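The values are calculated or read from the model by the stated rules, or taken from the named source; none is laboratory data. Please read all numbers here as calculations on a predicted model, not as lab measurements. Ideal geometry is used to build each Cβ from the backbone, glycine not excepted, and the neighbour counts take in all protein chains shown. Each accessible area value is taken on the protein alone, full model and side chains, heavy atoms only, with ligands, DNA and RNA left out. Shrake-Rupley method; radii C 1.70, N 1.55, O 1.52, S 1.80 Å.
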Amino acid sequence: MRARPLLLVTGAPGSGKTTLVRRLARQALARGERPAIVVTELAGSPIDAWSLAGEGCDVRSVVGACPCCAGAAAIAQTLASLEARDDVTRIFVEAAWPADAAAVRRAVGEAAVVAVLDAQRLEVDPIPRGDVLLLNKADTRTEGELASLRARIRDETGRVAVATVEATIDLDEIERAPLDSGGAVASSHAPGEVVDLPIDAPLSESRLSLLLARLPPGAKRAKGFVRTSDGACVAVQVVARSVSVRRSWIDPAPPGRIVIVGRDLDAASLRAEWGAGP
């Protein structure tokens, strides 16, 4: 048995993994616990770790490698350093897509697995496996559609998905879920591409809007922080064609960094268009 409870969160880009980790960490803090967070990212920039900063937790990032392949050893090493500390009572790990949850769990040892599913994209995204299946963004579907999606999930996984909005679920409910021996959390390791774009100069709001509107069809997700020409910093979140740009206290250096996740991405063209460095 682990010295500290470990929860592994997996799912497709934009499904709500970071939102879930943030909510669960806040619940743990409210219970008087001292959680730590490990965020894995295929890109070289810790975008999600930056967004989780300020939550009152020790946030560590493992960047630049798939968490179930080249990054597995780094994750295990990071977990060992956290578990050696007396001031950490619980650890959350956010595994970057397209990691195989079963392979990550074999690398890190005993862990509960929560798989976050995007109700908006379940027809095109593979269904991940987990001890708890969270059908997020349920408010984007009708009751009939939700029933059909949950039936499909049950048929494919043998588990009943929890329908939710904004990745809302009680930590107690996750803790009550039985852990699978390993087979039910297996998932396919789908190929994916990541383009990490350091932005050389501040962007006007109109230029940023244009660049986001012209993201290639293969882009499943874009995220990052950009300094605008009026001196502000904005957080950028794109899932499929849904775009969110809001003011942020995080000030990136250089003037911005955007990470684009997907397939069939032309990195050279994206860097040229965004004015990113080599």
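Key figures
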| item | result |
| --- | --- |
| Fraction of accessible area attributable to carbon and sulfur, the chain (%, probe 1.4 Å) | 51 |
| Pairwise FRET efficiency - Ala53 versus Leu210, Cβ, R0 = 41 Å, nearest 0.05 | 0.90 |
| Segment 1-76 and segment 122-185: distance between their alpha carbon centers, rounded to Å | 20 |
| Calculated FRET efficiency for the pair Arg247/Thr89, C-beta based, R₀ 25 Å, to 0.05 | 0.15 |
| Sparse-neighbourhood loop sites, GluC sites (Glu not before Pro) in segment 61-146 - DSSP loop, at most 10 other Cβ within 10 angstrom | Glu110, Glu123 |
| Separation in nanometres of the label points that stand 7 Å from Cα toward Cβ, at Ala272 and Glu110 | 5.5 |
| Per residue accessible area of segment 213-267, 1.4 Å probe, in Å² | 47 |
| Efficiency of FRET from Cβ geometry, Ala80 and Leu29, R₀ 30 Å, rounded to 0.05 | 0.85 |
| Scattering curve values for the chain, log₁₀ I(q)/I(0), Debye with Cα scatterers, q = 0.07 Å⁻¹ | -0.25 |
| Mean ellipticity per residue at 222 nm, deg cm²/dmol - from DSSP H runs of n ≥ 4 across the chain, formula -39500 (n - 2.57) | -8000 deg cm²/dmol |
| Relative contact order (%) - criterion: Cα under 8 Å, at least six apart; region: the chain | 19 |
